Each structure stands twice: as C-alpha cells, then as structure tokens.
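> Take a look at this one; I'll ask things after.
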Amino acid sequence: MTTPDFVLELREHIGHAPLWLTGITAVVLRGDEVLLVRRADTLEWSPVTGIIDPGEEPADAAVREVREEADVVVKAVRLVWAHVLEPITYDNGDAAQYLDLVFACNWLNGDPAPADGENLEAAWWPLAELPPLSESCERRIRLAAESFGPALFTQLLPVALPEVV
C-alpha cells in the first residue's frame, strides 16, 4: 500500500509509534458482481481499501481510492458499516490501527485494471463465486450487497440502561 504523504510526515515526528487512522473500504457492486483487487503486499483478494486524507469527505475517499487503484469510476451510495480493525504492525515496524468505514458503491464506468502499483490484479467476481477472502472482507461484501437499512455500528460494550425511578 502506498503511504500517504501526511502519514510519512507524521512518521518523521513519531517514528514507529502507533497511529490512529481512518480508512475506507469501497465495495463496488455491478449487478451480481463485486470488484476485487489482488493486493501486491499480501497477494490476497479484497475490496478496494485506503486511507482518508486530512479534510477529505469519507465518501469522496472511497470514490478516489477506487479510481486510483482499479481505474473504475463509481458512486458511493451508502455507509454500511463503521468498525475498528485490529492493530497492525507493518514489516518496517510502523504500528497503526484503523477506523474502517465501509461504503457500498455503484459502478458507473471503466474496466478494472491495477492502476497505481498497489495491486497485481483487479477484476469483477460473481457474488456467488468469490475467491478465498478474509472473514472481515467477506463480511464487508455481504453487508454492502445485502443490507439496505442504516449502517451497522459495532458495539462491544454493554449498553447501560438508565435507572427508572
């Protein structure tokens, strides 16, 4: 994954210390197909993911990342899930944790191709015949393809009900 300039500038000051970053997952749907990219760093298939730039609207980041990574034009149509990913330490020692905002996106035009060097392949996959994916990626795709209600918010803490007097 190409590291955004603002993250590189932060790293100059904090070294490898953990960073809290906001990212997006863009689940691009075209009928009964989903756009997947095969990442150059892990060789795994996944929806398009990326980091939101400072001041950038999250939905705009989803659209931008899909264009940059897969050369496809999309419209972000809804937020389907907001959740926190597990902490990660990269090979160079940098630590980070992400708030991931998952967007369902509709394809507008373009043929998928790995456009910026972050991915080895970009292709449409039938929703019924996906390649091996992480459990998290499968859930993101399923939520984008099957849910049409409000966004899902992961909540791990029990909700305390107010005392009735």
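> How many times 2.2 N^0.38 Å is the alpha carbon radius of gyration of segment 5-145?
Working it through for segment 5-145, the quotient is 1.02.
> Just from its helices, what would the mean residue ellipticity at 222 nm be for the chain, if runs of 4 or more DSSP H residues each count -39500 (n - 2.57) and the sum is divided by every residue, rounded to the nearest 500 deg cm²/dmol?
That calculation yields -6500 deg cm²/dmol at 222 nm.
> Add +1 for every Lys or Arg and -1 for every Asp or Glu among the other residues with Cβ under 13 Å from the Cβ of residue 33, and state the total.
-2
> Compute the distance in nm between two label points, each set 7 Å from the Cα along the Cα-to-Cβ direction, one at residue 38 and one at residue 57.
3.5 nm
> When Lys and Arg each count +1 and Asp and Glu each count -1, what net charge do the other residues less than 12 Å away from residue 63, Cβ to Cβ, add up to?
-3
> With both bridge residues required to lie in the chain, what share of the DSSP beta bridges run antiparallel, to the nearest 5%?
Restricted to the chain, the bridges split so that about 70 percent are antiparallel.
None of the figures in this text is laboratory data; all of them are computed from the coordinates on show. Source: prediction; values computed, not measured. Using ideal geometry, Cβ is built from the backbone for each residue, glycine included, and neighbour counts are taken over all protein chains shown.
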